[in-house]
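> Quick one: the structure is below, and I'll ask about it shortly.
The values are calculated or read from the model by the stated rules, or taken from the named source; none is laboratory data. These figures come from a predicted structure and were not determined experimentally. Neighbour counts run over all protein chains shown; Cβ positions are idealised from the backbone, glycine included.
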Amino acid sequence: MTNKQRVVVTGMGVVAPNGVGLQEFTQALRQNKSGLRFDSELKKFGFSCQVSGRPPISNEDLWSVIPESHRAAFNSTGIAYGLMAGLEAWRNAGLQVDPPTRDPDSGIVFGTGVSSVSKTREVAYTIDEGKVRRLRSNTVPQTMSSGVAAYLSARLHLGNWVSSNSSACATGTESILLAARRIQSGQAKRMLAGACSDAGPYIWGPFDALRVLNRHHNDRADEASRPLASDASGFIPRSGAGALVMESLDTAKARGARIYGEILGGAVNCGGQINGGTMTAPNPQAVQECIIGAVKDAGVIPSEIELINGHLTATAMDALEVQNWARALEYDRNTFPVIHSLKSLIGHTIAAAGAIETVASLIGLQNQFVFGNANADILHPDVLEWVDKSQIPLKSLSFPHQTVIKANFGFGDVNACIVIRKNTSDEQKRNHG
């Protein structure tokens, strides 16, 4: 496609276990603050992993974003998190919430993994008791997969494409790329993109049963998420939401908007669950193809990439992921860029991971620092075959950089990768045709 519109980020919002709102989240990143805590509810239900990451927010504040007519019997934390992050991003971009007219040039792609298992459970019990007539009118939007996008659209009155995507752990990054494509093609001037994830044992239980959660640090919650470490033994479940407002560069400049960064390009693909790829493991060839495709689409070369914000879940797949980055971009131990994982601080939000991690990358670009890999003091030896330990910061550091690559890989052997750049001046304009 020629004459693609350039896509810039003008607003951000976040609800994370270590910080709610951009200011609190930024401070937490600078301080390498963990958002993981011992979870007594998981202990009560007999979970092997009894650590989780829940955003520190009161129910009163959480439900305040829900329309008053829908607050009765509302039971979907994921949608509420998505509303909080999405509305913060919209306001952060200098745009009006509850505008008087419909906006046909703006739309939404806001993803989720599973929408309100708690509400679905409540519905099932109500029906089993023969009380179907007691179900409220807000039950359907709470349980439909596109509920978060529908609730956001109700507040913002957007008239362009409004949808929710769902691609396991790749959902958040995929939503950003889908929205960016809409703007690049000229079909929208502005898009709200992001993803949210619900909280609680009914969401996290199946992962505990799969034995992919860390069960060895229940008494040391802030040490439980250990990406890249020699003793990484599973991820920590968490919940939250991240959101970005993206616009064409021309639209953003016309209204004098603040610009956080530019989405240069990206790629999505699937490994086909073959050649090592399964429902839960990645096909290395497909992962590498996705990374290569993102770099090509962005119009950059590997030596321009200064930072990798990896998927890196603190499982046995971490070393394979590092190997895939090295092989895809032809890095060796002398050329491998800085690499880190936000999951070391807040655990794994599944569907929302890519959205929150992209917000973290943009905060780092704006403020020129990199958050550290907590709990990776002793690195896995297979990781050190590909990257020097000096490129894996353990704490937040000042770090001048311009270009970040971000990827997430999900169940079903699906992959999503984007490339982000800080500078967006005319002097830095690149040919993406």
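> Taking the criterion of being in contact with a strand residue (DSSP E or B) (Cβ under 6 Å, 6 or more places away or on another chain), at pLDDT 95 or above, of a type in the set (Gly, Ala, Ser) and under 22 Å from Val414 (Cα atoms), would at least one residue in region 294-304 satisfy it?
Yes, the conditions are met somewhere in region 294-304.
> Here's a check for you: in region 180-220, which residue that is out of contact with any helix residue (DSSP H, G or I) (no Cβ under 6 Å at 6 or more places or on another chain) and closer than 20 Å to Cys270 by Cβ is surrounded by the fewest Cβ atoms within 10 Å (Cβ to Cβ)?
Taking the candidates together, the pick is Arg181.
> Hey, which of the helices (runs of 4 or more DSSP H) in region 11-81, taking only ones fully inside, have at least 1 residues that are in contact with a Ser or Thr (Cβ under 7 Å, 6 or more places away or on another chain), outside the structural domain of Glu223 (by TED's automatic domain parsing) and free of Cβ contacts under 8 Å to residues at least 60 places away in the same chain?
Helices (runs of 4 or more DSSP H) meeting the threshold: none at all.
> Taking Gly293 as the residue in question, decide whether it is outside the structural domain of Asn92 (by TED's automatic domain parsing) and not in a helix (DSSP H, G or I).
So Gly293 fails the test.
> Output yes when any residue across region 29-45 is farther than 28 Å from Gly364 by Cα, modelled with pLDDT of 95 or more and aromatic (Phe, Trp, Tyr), and no when none is.
yes
> Can you tell me which residue in region 231-264 is farthest from Gly354 (Cα to Cα), limited to those that are modelled with pLDDT under 95 and among the polar types (S, T, N, Q)?
Ser233
> Could you please tell me which pairs satisfy a Cβ distance under 6 Å, a separation of 6+ or placement on different chains, a first residue in region 202-219 that is under 12 Å from Gly46 (Cβ atoms), and a second residue that is surrounded by 15 or more Cβ atoms within 10 Å (Cβ to Cβ) and of a type outside the set (Gly, Ala, Ser)?
Partner pairs satisfying both residue conditions: Asp208/Phe47; Asp208/Cys49; Arg215/Cys49.
> Something else about it: Could you tell me which residue of region 296-312 is surrounded by the most Cβ atoms within 10 Å (Cβ to Cβ), considering only residues that are touching a Gly at 6+ places or on another chain (Cβ under 9 Å) and assigned to a helix (DSSP H, G or I)?
Checked region 296-312; the qualifying residue surrounded by the most Cβ atoms within 10 Å (Cβ to Cβ) is Ala298.
> Would you point out which residue out of Thr315, Thr280 is under 19 Å from the mean Cα position of the chain (by Cα) and surrounded by fewer than 21 Cβ atoms within 10 Å (Cβ to Cβ)?
That would be Thr280, the only listed residue that is under 19 Å from the mean Cα position of the chain (by Cα) and surrounded by fewer than 21 Cβ atoms within 10 Å (Cβ to Cβ).
> If Ile405 passes every condition in (1) surrounded by 24 or more Cβ atoms within 10 Å (Cβ to Cβ); (2) part of a helix (DSSP H, G or I) but one, which one does it miss?
(2)
> In region 321-338, what residues are assigned to a helix (DSSP H, G or I) and under 21 Å from the mean Cα position of the chain (by Cα)?
The answer is Glu321, Val322, Asn324, Trp325.
A quick yes/no check of all residues on (1) over 20 Å from Ala319 (Cβ atoms); (2) in a helix (DSSP H, G or I); (3) of a type outside the set (Val, Ile, Thr); (4) without any contact (Cβ under 8 Å) to a residue 12 or more places away in the chain:
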| site | (1), (2), (3), (4) |
| --- | --- |
| Ser344 | no, yes, yes, no |
| Gly354 | yes, yes, yes, no |
| Val359 | yes, yes, no, no |
| Ile363 | yes, yes, no, no |
| Gln366 | yes, yes, yes, no |
| Asp377 | no, no, yes, no |
| Val383 | no, yes, no, no |
| Val387 | no, no, no, no |
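> Under 21 Å from the mean Cα position of the chain (by Cα) and at positive phi: does that describe Leu213?
Judged against the criteria, Leu213 is not a match.
> Under 6 Å between Cβ atoms, which residue pairs at least 6 apart in sequence (or on different chains) link something in region 395-421 that is assigned by TED's automatic domain parsing to the domain that holds Pro284 and more than 15 Å from Glu306 (Cβ to Cβ) with a partner that is part of a loop (DSSP other than H, G, I, E, B) and of a type in the set (Val, Ile, Thr)?
So the pair list comes out as Phe411/Thr280.
> Hey, another quick one. If you go through region 316-334 one residue at a time, do you hit one that is of a type outside the set (Val, Ile, Thr) and within 18 Å of Ser398 (Cα to Cα)?
no
> When you scan region 415-425, do you find a residue that is part of a helix (DSSP H, G or I) and either surrounded by 18 or more Cβ atoms within 10 Å (Cβ to Cβ) or not small (Gly, Ala, Ser) (or both), even just one?
Within region 415-425 (the criterion being part of a helix (DSSP H, G or I) and either surrounded by 18 or more Cβ atoms within 10 Å (Cβ to Cβ) or not small (Gly, Ala, Ser) (or both)), the answer is no, since none of the residues qualifies.
> Tell me, please, whether a residue that is exposed (fewer than 15 other Cβ atoms within 10 Å of the Cβ) and either touching a helix residue (DSSP H, G or I) at 6+ places or on another chain (Cβ under 6 Å) or among the hydrophobic types (A, V, I, L, M, F, W, C) (or both) can be found in region 48-59.
yes
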